[in-house]
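Before any comments, here is the structure.
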Amino acid sequence: MKAIVFTRYGPPDVLRLAEVDTPRPGATEVLIKVHASSVSTADWRIRASAFPGILWLPGRLMMGLFRPRNPIPGVDFAGEVTGTGEAVTRFAPGDRVFGFKGHGGNAEYLVMDQDAAIVPMPEGMGYRAAAALPFGGLSALVFMRDIARVTPGMEVLVLGASGGVGIYAVQIAHAMGAKVTGVCSAANAPLVRDHGAAEVIDYQKDDATRPGRFFDVVFDTVGAATFAQARRVLRRSGAFVPLNFKGREMVQSLVAKLTGGPRLVIAVSGDTAADLQELSQMVNTGRLRAVIDRTYPLARVPEAHGYVQMRRRRGAVIVDVIAGGDTGASVTAAR
Ligand SMILES: NC(=O)c1ccc[n+]([C@@H]2O[C@H](COP(=O)([O-])OP(=O)(O)OC[C@H]3O[C@@H](n4cnc5c(N)ncnc54)[C@H](OP(=O)(O)O)[C@@H]3O)[C@@H](O)[C@H]2O)c1
């Protein structure tokens, strides 16, 4: 099968299109013919070994100390089940599925345990749109629901509201009944408003953490604010939730626990079938839309990495593993 592979960490040109063995499903695994995948922030960070701050060593231990442990990138996938191991009970050939594997999506086939993060695709949704959901949607869901613990009526500030995680955080916090203020550049304001933000702040003209504003949650997806800045606008019971953190934030989190006042909460997101199912239900009930910025063919994944690494993307960047993939319902084309 055709796949993108990389055997060392480095710039986008370490990625190349290659012919590799098609994987075979084990007893409890399904074989998936991938129609669409993505290039996410996780993909370029793993390829470049760009794990922030003190996460560098744990990142290298997880992803491969001297060279990448998993040579095929692509954390997200959407496709069709074409084979099953003898003990598989949950899926059958022909099922349209999507999921998060953490690697292996930028290939014509992948195998996945039936109990891992894989679920049927939302009704009417195409492969591209489904592949646009897992990385950003799962992070946003876990951070809004479990880490920030958003409840109806809360005021939530999302920094980086047009990005891969941010555009889903805006929608999910809005669906949970929060009043959302999104921060992005002026060009992205209509997109962010259209996905549920009551207000939008252009960070090139205004400082979202200027005193006088009040929020229950400051969710920073781009590393745009320090805890000191977030505290200026957080209510006493509020929480600063940065997606990127270093040693300083870990210390500040402990100190804030001891001294009281706004919290700094650091965490990493999960990837479960139950949470994917929740995203799927949100799509089916019209509360969540996939957002697609650009689509690249498989052979141009290195170029897609360069684009995503610039950190200007709007929603997800998709890889058409099968040429001419369909997009279907519940999706916004951001460009
Ligand atoms: N802790 C975890 O478990 C976890 C999970 C997922 C992701 N992450 C991390 O979270 C980060 C977010 O990932 P992502 O994929 O959402 O990022 P991304 O897609 O690269 O973010 C791009 C967006 O950020 C906006 N932006 C850039 N500078 C900004 C600023 N100063 N203020 C406001 N918006 C700004 C851009 O909008 P404009 O073009 O309008 O500027 C663009 O739409 C990554 O570093 C990732 O590694 C952590």
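Values as computed for the structure displayed
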read-out	value
Unique residue being at negative phi, modelled with pLDDT of 95 or more, not assigned by TED's automatic domain parsing to the domain that holds P12 and not hydrophobic (A, V, I, L, M, F, W, C) when the list is R231, R248	R231
Selected residue (only one of A208, A187 is in a loop (DSSP other than H, G, I, E, B), at pLDDT 95 or above and of a type in the set (A, V, I, L, M, F, W, C))	A208
Residue within segment 23-41 that is β-branched (V, I, T), in a loop (DSSP other than H, G, I, E, B) and at pLDDT 95 or above present	yes
Checking N284 against (1) surrounded by fewer than 19 Cβ atoms within 10 Å (Cβ to Cβ); (2) in contact with a Pro (Cβ under 8 Å, 6 or more places away or on another chain); (3) at pLDDT below 95, the condition it does not meet	(3)
Answer residue from segment 299-320, given it is of a type outside the set (V, I, T), near the ligand (Cβ under 10 Å from one of its atoms) and not in a helix (DSSP H, G or I) and is surrounded by the fewest Cβ atoms within 10 Å (Cβ to Cβ) among those	M310
First in segment 86-111 and in the same structural domain as P25 (by TED's automatic domain parsing) and free of Cβ contacts under 8 Å to residues at least 60 places away in the same chain, second anywhere and surrounded by fewer than 17 Cβ atoms within 10 Å (Cβ to Cβ) and of a type in the set (V, I, T), Cβ under 6 Å, 6 or more apart	P93/T82
Criterion (buried (at least 24 other Cβ atoms within 10 Å of the Cβ) and within 16 Å of the ligand (Cβ to nearest atom)) met by exactly one of L110, L133	L133
Of residues in segment 321-335 being outside any loop (DSSP other than H, G, I, E, B) and more than 16 Å from the ligand (Cβ to nearest atom), the one farthest from R96 (Cα to Cα)	V331
Given (1) outside any loop (DSSP other than H, G, I, E, B); (2) basic (K, R); (3) within 14 Å of the ligand (Cβ to nearest atom), index of the condition R235 fails	(3)
Verdict on G164 being closer than 16 Å to P242 by Cα, within 14 Å of the ligand (Cβ to nearest atom) and either in contact with a Lys or Arg (Cβ under 8 Å, 6 or more places away or on another chain) or not assigned by TED's automatic domain parsing to the domain that holds F215 (or both)	yes
Out of R60, R90, R69, sole residue that is part of a loop (DSSP other than H, G, I, E, B), over 21 Å from A273 (Cβ atoms) and among the charged types (D, E, K, R)	R69
Pick from segment 202-221, criterion in contact with a strand residue (DSSP E or B) (Cβ under 8 Å, 6 or more places away or on another chain) and surrounded by fewer than 21 Cβ atoms within 10 Å (Cβ to Cβ), ranking: nearest to L55 (Cα to Cα)	Y203
Residue among A198, A178 that alone is small (G, A, S), touching a Lys or Arg at 6+ places or on another chain (Cβ under 6 Å) and more than 14 Å from the ligand (Cβ to nearest atom)	A198
The lone exception for V156 - which of (1) in a helix (DSSP H, G or I); (2) in contact with a strand residue (DSSP E or B) (Cβ under 8 Å, 6 or more places away or on another chain) it fails	(1)
Extreme residue, farthest from A161 (Cα to Cα), among residues of segment 248-270 that are part of a helix (DSSP H, G or I) and within 23 Å of the chain's Cα centre (by Cα)	M250
Condition met for T259 (at pLDDT below 95, closer than 27 Å to G223 by Cα and within 15 Å of the ligand (Cβ to nearest atom))	no
Segment 264-277: number of residues that are of a type outside the set (G, A, S) and surrounded by fewer than 18 Cβ atoms within 10 Å (Cβ to Cβ)	4
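The values are calculated or read from the model by the stated rules, or taken from the named source; none is laboratory data. On a predicted model such as this, the values are computed, not experimentally measured, just so you know. Cβ atoms come from the backbone with ideal geometry, glycine included; neighbour counts cover every protein chain shown.
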